[in-house]
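The values are calculated or read from the model by the stated rules, or taken from the named source; none is laboratory data. Please read these numbers as outputs of a predicted model, since none were measured by experiment. Heads up, the Cβs are rebuilt from the backbone with ideal geometry, glycines too, and the neighbour counts pull from every protein chain shown.
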Amino acid sequence: MQAAAVRSVQPCRPGAAAAGSRRAFGVAAAPAAARRQAAVCHAKVELQDLDGATHQLDVPEDETVLDAALAKGIDVPYDCKMGVCLRCAAKIDSGNVEQPGSMINDEAQDEGYALLCVAYPVSDCSIRVIPEDDLAEAVLATS
């Protein structure tokens, strides 16, 4: 019987993004290829849904917060899963996420707004799901 392969798991650290990376909320965003080449990194994410219930997620660096929530059976609104429809709107209360491909402008990202379908945690996070209208207002206010 063969032994199972063991993968290195380490906590995410803010600012650990690769050189030449893109801008994201709180830290530089590593390109997807660089993220996948790094050792497996897991972030502890506390996610508050629209009903106010809090859920604990262990999110690998190559998985979005939305995918991790759906895998756990958490009811989170979403539609396109491409970062354009604003349906999976959220507010980052603490921690940092990368948002490659997000349609949210830099100012709204700086205020902590995110789209869960393109949000890759780079540190432990506390995130609240918000109504998409709240995000739309924030994006328009910062345009």
Checklist entry - Residues of the stretch 70-88 being small (Gly, Ala, Ser) and within 16 Å of residue 54 (Cα to Cα), which ones? => result 71, 73
Next on the checklist: Can you tell me which residue is surrounded by the most Cβ atoms within 10 Å (Cβ to Cβ) among those in the stretch 105-136 that are aliphatic (A, V, I, L, M) and part of a helix (DSSP H, G or I)?
Outcome noted: 116
Checklist entry - Out of all the residues in the stretch 70-104, which are buried (at least 19 other Cβ atoms within 10 Å of the Cβ), of a type in the set (Gly, Ala, Ser) and touching a strand residue (DSSP E or B) at 6+ places or on another chain (Cβ under 6 Å)? => result 83, 90, 95, 102
Item to check | Top-ranked residue in the stretch 41-97 [being in contact (Cβ under 8 Å) with a residue 60 or more places away in the chain and not in a strand (DSSP E or B); ranked as farthest from residue 128 (Cα to Cα)] | outcome: 61
Checklist outcome for this item: When residue 101 is run through (1) in a loop (DSSP other than H, G, I, E, B); (2) in contact with a Cys (Cβ under 7 Å, 6 or more places away or on another chain); (3) of a type outside the set (Val, Ile, Thr), the failure sits at (2)
Checklist outcome for this item: Of the candidates 24, 5, the one satisfying the condition of being modelled with pLDDT under 50, under 23 Å from residue 130 (Cα atoms) and not β-branched (Val, Ile, Thr) is 24
